[in-house]
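The values are calculated or read from the model by the stated rules, or taken from the named source; none is laboratory data. Treat the numbers as computed from the prediction; the structure is a model and nothing was measured. Note that each Cβ is placed from the backbone with ideal geometry, even for glycine, and that neighbours are counted across all protein chains shown.
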Amino acid sequence: MVEVLLALMVVNSILALQIRDMLAAVLLLGAFSLLSCLVFFLMNAPDVALTEAAVGTGVGTVVLIWIVYKTERRDEA
Amino acid sequence: MNVAALVFLVLGAVFNIMGNLGVLIFPDVYTRLQASSTCSTTSVLSFFIGCMLIAGWGPMTGRLLVITIFFFITNPIAAHIIARFARQTGIVPWRQSFRKDPESGEQDG
Amino acid sequence: MLVYAMYFLVISILVSMARVVIGPTVADRMVGLNLVTAQTLALLVVISVSKERLILLDVALVYDIFGFVGILVMTRYFSGRRGEL
């Protein structure tokens, strides 16, 4: 079960680096953080999973959205 | 108790399969959003009720009740917000009888 | 019984992540992320009931709240920019 989630995390991170639309990249990073929280949860570490759910999903997404809002949305070339 | 929990878990699995199928094969944002919102809310609610029946009466059921009520409020709100976002960014809804030039053939109502 | 539910939810997350990966517009990816969030919440609750530990349910509650706040902020900043998709 953990192996499937780790493979999905690898796919998500590669796609978040390769995509041109910055908002879609932030969405893929949100999905990556979600799966990371789930993997921490499956490995019997609920405190780390709690921190990951609060920081990675909440604050990280808000800060990255704010940065994309301040700059250009599409990466050129 | 155990049979009722099994019934709710199977119901949640059936709704979940329907929601995944709808999200994969529907042609538009709005139709996908309809399938996703209704089926995910119903299936996750069924899973929560099954887990409540398995856990029995205790402090676990209270927290499960809080999570269930919060999810039941917030997931339709999130679906509505996504629909408003798709509307405001200018995505036109899908129609089956969409023609490129309306003069070439008759239009159906 | 709960073990089969756990495996079913993992496979369901794997299938519904395809809409996040191949979605043509951002709204499609957002629909897929909402679905994945709901199924992840169900998986967290099923695991914590299966292990019978009370501390694991707090993770599910915090995850639910912050996932909703994330979608809220994401649509609040980028609504009203017509024609960028």
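Only residues that are in contact (Cβ under 8 Å) with a residue 40 or more places away in the chain and not β-branched (Val, Ile, Thr): list them for region C:1-38, please. Break it down into steps so the answer makes sense when it comes.
Start the filter on region C:1-38 by keeping residues that are in contact (Cβ under 8 Å) with a residue 40 or more places away in the chain, which leaves C:2-3, C:5-6, C:25-27, C:30.
Passing the criteria: C:Leu2, C:Ala5, C:Met6, C:Ala27, C:Met30.
Only one of these is in contact with an Asp or Glu (Cβ under 8 Å, 6 or more places away or on another chain) and either surrounded by fewer than 18 Cβ atoms within 10 Å (Cβ to Cβ) or part of a helix (DSSP H, G or I) (or both): A:Ser33, A:Ser13. Name it.
The match here is A:Ser33.
So in region A:3-61, with the set limited to residues that are within 8 Å of chain C (Cβ to nearest Cβ) and small (Gly, Ala, Ser), which one is nearest to C:Leu72 (Cα to Cα)?
For region A:3-61, the residue satisfying everything is A:Gly58.
Quick check on my filter: what residues within region C:34-57 are among the hydrophobic types (A, V, I, L, M, F, W, C) and either touching a His at 6+ places or on another chain (Cβ under 6 Å) or more than 7 Å from chain B (Cβ to nearest Cβ) (or both)?
If the condition is that a residue be among the hydrophobic types (A, V, I, L, M, F, W, C) and either touching a His at 6+ places or on another chain (Cβ under 6 Å) or more than 7 Å from chain B (Cβ to nearest Cβ) (or both), then C:Val36, C:Leu43, C:Leu44, C:Ile47, C:Ile55, C:Leu56 are the ones that fit.
Considering each residue of region B:45-67, count those that are part of a helix (DSSP H, G or I) and either under 11 Å from B:Leu9 (Cβ atoms) or among the small types (Gly, Ala, Ser) (or both), and give that number.
The qualifying residues number 10.
Name every residue in region B:2-25 that is more than 10 Å from every other protein chain (Cβ to nearest Cβ) and of a type outside the set (Gly, Ala, Ser), in order of residue number.
B:Val3, B:Val7, B:Phe8, B:Leu11, B:Val14, B:Phe15, B:Met18, B:Ile25
Among the candidates C:Leu54, C:Leu72, C:Leu85, which residue alone is at pLDDT 85 or above and aliphatic (A, V, I, L, M)?
Residue meeting the stated conditions: C:Leu72.
Would you check if C:Val31 is more than 10 Å from chain A (Cβ to nearest Cβ), in contact with a Lys or Arg (Cβ under 9 Å, 6 or more places away or on another chain) and either more than 17 Å from B:Val23 (Cβ to Cβ) or at pLDDT 85 or above (or both)?
yes
For the list (1) without any contact (Cβ under 8 Å) to a residue 12 or more places away in the chain; (2) surrounded by 18 or more Cβ atoms within 10 Å (Cβ to Cβ); (3) within 22 Å of B:Ala83 (Cβ to Cβ), I need the number of the one condition that C:Ile65 fails.
The number of the failed condition is (2).
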